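Comments concern the structure below.
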Amino acid sequence: MSQAATPDSKASAQSEPSIKIACKNVWKVFGSNSAALFDADGSVDRQALERGNYISAVCDANFDVFEGEIFIIMGLSGSGKSTLLRCMTRLIEPSAGSIQFDSQDLLKVTEAELINLRRHKMGMVFQHFALLPNRTVLGNVELPLEVQGIAKADRQKRALEVIELVGLDGREEYYPRELSGGQQQRVGIARSLAVEPDIWFLDEPFSALDPLIRREMQDEFLRLQNVLQKTIVFITHDFEEAIRLADRIAIMKDGAIIQIGTPEDLVLNPATDYVEEFIQDIPRARVLSTASLMREVAGDTFAGSVQAKSTIDAELKRILNADQDAVFAVKNEQGDIIGALPRGLVVDLLTVSKRKQ
Amino acid sequence: MSSAALLEIIPLRLRSNPWISLWLAVFAGTIILMLAKEAVPLAFKYPSAWKLPLDVWISSFMKWLINDLDFGLFTFKEFTRAMAWLVEQPYLLVKSLLSTGFLKGTGSYAVQVFPRVSWVALIAGLMLLAHYIKDWKLSALVGACFLYLVVFGQWDSAMVTLSSIVIAVPIGIVGGLLMGIVGYRSPRFRVVLMPTLDLMQTVPVFAYLVPILLLFGFSAVSAMIATIIYALPPMVRVTLLALDQVSVEVVEAGSMAGCSPRQSMMKVLLPSARHSLMVGVNQVVMLSLNMVIIASMIGAGGLGHDVLSALRRLKIGEGIEAGVAITLLAIALDRLSQAYANRSEPLHAVGQQSIWARHPYSLTFAGIVGLTWFLGIYFPVLDTYPESWQITTGSFWDDLVRYININYFDVLEGFKNFLLLNIMIPFKRFLLALPWISVVAVVGLGGWQLGGKRLGLLTASLATFMAVVGLWAKAMVTLYLCGMAVIIACLIGIPIGILAARHDRFHGFVSVAIDTLQTLPSFVYLMPVVMLFRVGDFAAMLAVIAYAVTPIIRYTDHGIRQIAPHLIEASQQAGCTRNQVLTKVQLPLALPHIMLGINQTIMMALSMLVITALVGTRELGQEVYIALTKADTGRGIVAGVCVAFIAIIADRMINAWASRRKRELGLD
């Protein structure tokens, strides 16, 4: 497996991030008697797997999710991304492997402990909203609090707070069918946040929405994450959405994770042709940082300076407006010059065919 | 082509399709058996010495249950009677409320302590309910139906019937719901549950009337228990289906919210499935009403008793009036429960409201009930509709029948004799002449080809069972009557269905007609055919056709209409005429669906056939009916199980074919 599970540069630059979820050798194989394929230590009989009438939805997934990051699992339909997410919440029982959640082995907890974990530590948003049609907005958001046995007045107070947080105040007595798709998903988001979960799972939350609404909801999502700073596992089939929202992206194909990295990593070093297919149509200037394009300083005179962390796109106007052979200084957060960015390189990036030969 | 060339081709074809050679072998074997009839008598008549005395065993078991089983503190019989007592209490309460009023003392010394709900109040209440659920049209319909009961003097009987329905239906619903929930939760229980439901739905009711009679006595409670057993299976199935259909995501959302399994059922699954569950409620109501007449055989009074006794005395007019009363009761309750199932959901409430604004209907109803009770003391009209105001059409119906029979006897008789002599009797003789071994082989091979070895084994052994218990000839007569009825029903129903699918106005008309026909209790069909054709196979067959024709019409219509419109557009664009669209696109694609309709028709035909035993057919149904009159548990159950097996054979084979065909067409 060609897996580049390097912690991303952004995260490692800060103090050592703590691991929230660690998935090790996670498998999910569908088919009768699939349990027989694995020995006690979780290793798989690959020959039997290929010979038999099995479907491997998740093959040997290994990755960590760090505290406070947005980790996106991207794959086309049938790639096993939703199954992988459901293994992480144990909505689907994995065939083999281990999933450490806050250093607790999720696959070993009892039914009662699992319910307790879900009640207090996990929140999940679903593709088709999954709202109960017989309950109002308030009733839906109250559900996770209600099943914990919280008193009515307290849970309504908390539910109203999250409803306000997602911008649905005034609609709490409406039924889901009276709301638009975007509003319904806001209810789904409010419900998943009602218990103040540690970790927030989102299963293609915006796929069922119109493109314009989707964009709006993505902004809303980023705004919420700015306030809440949750650890997020986010599933999508839309690479652009992944690039836009992710701290790190895992790309899945046929049940296997084929590459994990920051959006910039993926664009600069696609691990396989498959990944390359995806990045072809991505406007690179929006993903790449000035640092990724810079060269070493060689006695240049600088026409100005740019921040190493900002994307080319953010600095584009200034760079293009400079003289044809202008060179910009690339400065890190401390203000030291770490490289030089000639205008020509930026123009090349914008004009040269995106496909690597 | 020379004969040598032919010889070359046949083995090739045989090799490419082994089924042909197998079928040829069965066919040839049958011919040989028929030719050498004298040599192998046991292929034709299962030796009575080898007969399995299953009926005797069951009867002895039943005797042991009732007479000898003793748990120490109490006997089995005391246990069942105690259960009957338990069910009887709420029944008596409701009956007092609706029918007799609350009495003190017994017999003619009884003094009314508190009056029953007056007819004015009940009708007003139901009309309010209908208006609350849907609109004033439904309200008017329900009001008219119940007004008929009053005006035609059926009120007292109808209230007795309604009382038992009011008790049987909730028990059936709750019982079905619980069984369905357990089946949903436990795949193992489901494995046992499904074939049990199949048997419960295919064994004719008559077959289990006897054991119920023996265990619970001749009473309204026995009748209710039989009704519940009859009406429960669809509720179980609907519950299973409704729970299975709840979107996986919604269930997952419940789990992720931290629901325990119990919370998940009560707060997520059942509320999400509530619309589909209401379909089951409607089914339970309708089947309970369908049982009204049969249940009166073991002690249910009311309208069913009126119909049955009128039929026995050949008082056609009286029978029709009571039959219409049952039908109207059925229509009213059906429309009410359907409207409730399809009720539009409430919108968000606006602000705080007064009690009156929040409960306008219940408060009005309470007011009317109180007022009529009070006024009823001074104006008895409100309590009991005076007999002198009642009208009856009984003599009109009797006259009509007499008129038809006097003036059209020859025409009707000629028609009946022509069909009997030229088609029905030859078909019957043919089936009876076949060696049972061949029939078993055909059924087994058919099952094997359609659904694999396991199905073949199942169908063959079910068919063998009928020979082994010594009911082969009666089973063949059942097959003949059912087969004839189904073929004719298809000949009538499929064209009507096709027409309905192609013409929207006709579709509207047919839908209403079918809805009404399906609300009629099966017994009602017997009356007109007996009036016109008297007893016998022919009358029975007509009743079966009339009862069983509805599903084939519905499924044909629906099957054609559900075909994706782009396929029709594509074929029209390719230049097909309307008829070509029908024959080349619509019918082939709708065929699996139509076959399921035929399956339904077969099921309904079999259930009706047993009832037609009352008008003198000589098949398994008659065997069951005789057992009922002789209180012979074993005989009734064995014959009933045979009917069920015929149904199961047909059902499994047709379903195997239809699901394979659907898979091939990519319709699933």
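The values are calculated or read from the model by the stated rules, or taken from the named source; none is laboratory data. A quick note: this is a predicted structure, and the numbers were derived from the prediction, not measured. Positions of Cβ are backbone-derived with ideal geometry, glycine not excepted, and every protein chain shown enters the neighbour counts.
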Which listed residue is at pLDDT below 80 and crowded, with 16+ Cβ neighbours inside 10 Å, from B:ILE391, B:ILE377, B:ILE368: B:ILE368
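Sort out for me the helices (runs of 4 or more DSSP H) sitting completely within the stretch B:466-584 that have 3 or more residues that are at pLDDT below 85 and aromatic (Phe, Trp, Tyr). Steps first, answer last, please.
Details: elements: B:472-502, B:504-519, B:522-533, B:537-561, B:565-573.
By residue number, B:522-533.
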Check whether at least one residue in the stretch B:325-336 is within 14 Å of chain A (Cβ to nearest Cβ), modelled with pLDDT of 80 or more, in a helix (DSSP H, G or I) and under 22 Å from the mean Cα position of the chain (by Cα), and report yes or no. no
Inside the stretch B:381-439, can you point out the residues that are under 30 Å from B:LEU122 (Cβ atoms) and assigned to a loop (DSSP other than H, G, I, E, B)? B:THR384, B:TYR385, B:PRO386, B:GLN390, B:ILE391, B:THR392, B:THR393
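In the stretch A:142-183, which residues are of a type in the set (Val, Ile, Thr) and more than 10 Å from chain B (Cβ to nearest Cβ)? Even if it seems obvious, please write down each step before you answer.
As a first pass, look at the stretch A:142-183 and keep what is of a type in the set (Val, Ile, Thr): A:147, A:150, A:162-163, A:166.
Result: A:ILE150, A:VAL162, A:ILE163, A:VAL166.
Please find, within the stretch A:189-240, the residue that is farthest from B:VAL250 (Cα to Cα) out of those that are among the aromatic types (Phe, Trp, Tyr) and in contact with a Leu (Cβ under 8 Å, 6 or more places away or on another chain).
Per the stated criteria, the residue is A:PHE221.
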Give the residues of the stretch A:272-287 that are in contact (Cβ under 8 Å) with a residue 12 or more places away in the chain and farther than 20 Å from A:ALA322 by Cα, sorted by residue number. A:THR272, A:TYR274, A:VAL275, A:GLU276, A:PHE278, A:ILE279, A:GLN280, A:ASP281, A:ILE282, A:PRO283, A:ARG284, A:VAL287
Please go through the stretch B:216-263 and give me each residue that is more than 8 Å from chain A (Cβ to nearest Cβ) and of a type in the set (Ser, Thr, Tyr), ordered by number. B:SER219, B:SER222, B:THR227, B:TYR230, B:THR239
Quick check on my filter: what residues within the stretch B:15-45 are closer than 17 Å to B:VAL442 by Cα and of a type in the set (Ser, Thr, Tyr)? B:SER21, B:THR30
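Can you tell me which residue among A:ALA298, A:ALA208 is free of Cβ contacts under 8 Å to residues at least 60 places away in the same chain and assigned to a loop (DSSP other than H, G, I, E, B)?
Selected residue: A:ALA298, the only one of A:ALA298, A:ALA208 that is free of Cβ contacts under 8 Å to residues at least 60 places away in the same chain and assigned to a loop (DSSP other than H, G, I, E, B).
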Which listed residue, of B:VAL160, B:VAL166, B:VAL191, B:VAL182, is surrounded by fewer than 19 Cβ atoms within 10 Å (Cβ to Cβ), part of a helix (DSSP H, G or I) and within 23 Å of the chain's Cα centre (by Cα): B:VAL166
Within the stretch B:337-365, of all residues that are under 26 Å from B:THR161 (Cβ atoms) and among the aliphatic types (A, V, I, L, M), the one modelled with the lowest pLDDT is B:ALA341
So is B:PRO90 modelled with pLDDT of 85 or more and not charged (D, E, K, R) or not? yes
So which of B:GLY254, B:GLY258 ends up being out of contact with any Asp or Glu (no Cβ under 7 Å at 6 or more places or on another chain) and in a loop (DSSP other than H, G, I, E, B)? B:GLY258
Going by what's in this entry, would B:ASN655 be described as within 13 Å of B:VAL486 (Cβ to Cβ), out of contact with any Ser or Thr (no Cβ under 7 Å at 6 or more places or on another chain) and part of a helix (DSSP H, G or I)? no
Just to be sure before I move on: is B:ALA231 crowded, with 24+ Cβ neighbours inside 10 Å, out of contact with any Ser or Thr (no Cβ under 6 Å at 6 or more places or on another chain) and closer than 30 Å to B:ALA475 by Cβ in the structure I sent? no
Mind checking which residues of the stretch A:124-139 are under 20 Å from A:ASP169 (Cβ atoms) and either small (Gly, Ala, Ser) or at the interface with another protein chain (Cβ under 7 Å from one of its Cβ atoms) (or both)? A:THR136, A:GLY139
Output the residue which, of all residues in the stretch A:114-123 that are touching a strand residue (DSSP E or B) at 6+ places or on another chain (Cβ under 9 Å) and surrounded by 19 or more Cβ atoms within 10 Å (Cβ to Cβ), is nearest to the other protein chains (Cβ to nearest Cβ). A:ARG118
If we keep just the residues of the stretch A:205-260 that are under 10 Å from the mean Cα position of the chain (by Cα) and among the hydroxyl-bearing types (Ser, Thr, Tyr), which is surrounded by the fewest Cβ atoms within 10 Å (Cβ to Cβ)? A:THR231
Quick one: is B:GLN89 surrounded by fewer than 18 Cβ atoms within 10 Å (Cβ to Cβ), free of Cβ contacts under 8 Å to residues at least 60 places away in the same chain, not basic (Lys, Arg) and not in a helix (DSSP H, G or I)? no
Qualifying residue in the stretch A:91-99 (condition: without any contact (Cβ under 8 Å) to a residue 12 or more places away in the chain, buried (at least 19 other Cβ atoms within 10 Å of the Cβ) and within 24 Å of the chain's Cα centre (by Cα)): yes
Tell me, yes or no, whether the stretch B:273-296 has at least one residue that is under 30 Å from A:THR83 (Cβ atoms), outside any helix (DSSP H, G or I) and within 14 Å of chain A (Cβ to nearest Cβ). yes
B:TRP472, sole failed condition from (1) touching a residue at least 12 places away in the same chain (Cβ under 8 Å); (2) under 20 Å from the mean Cα position of the chain (by Cα): (2)
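For every residue, the table says whether it meets (1) of a type in the set (A, V, I, L, M, F, W, C); (2) farther than 22 Å from B:GLY493 by Cα.
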| site | (1), (2) |
| --- | --- |
| B:ALA574 | yes, yes |
| B:GLN586 | no, no |
| B:LEU589 | yes, no |
| B:MET603 | yes, no |
| B:GLU619 | no, yes |
| B:ALA627 | yes, yes |
| B:PHE645 | yes, yes |
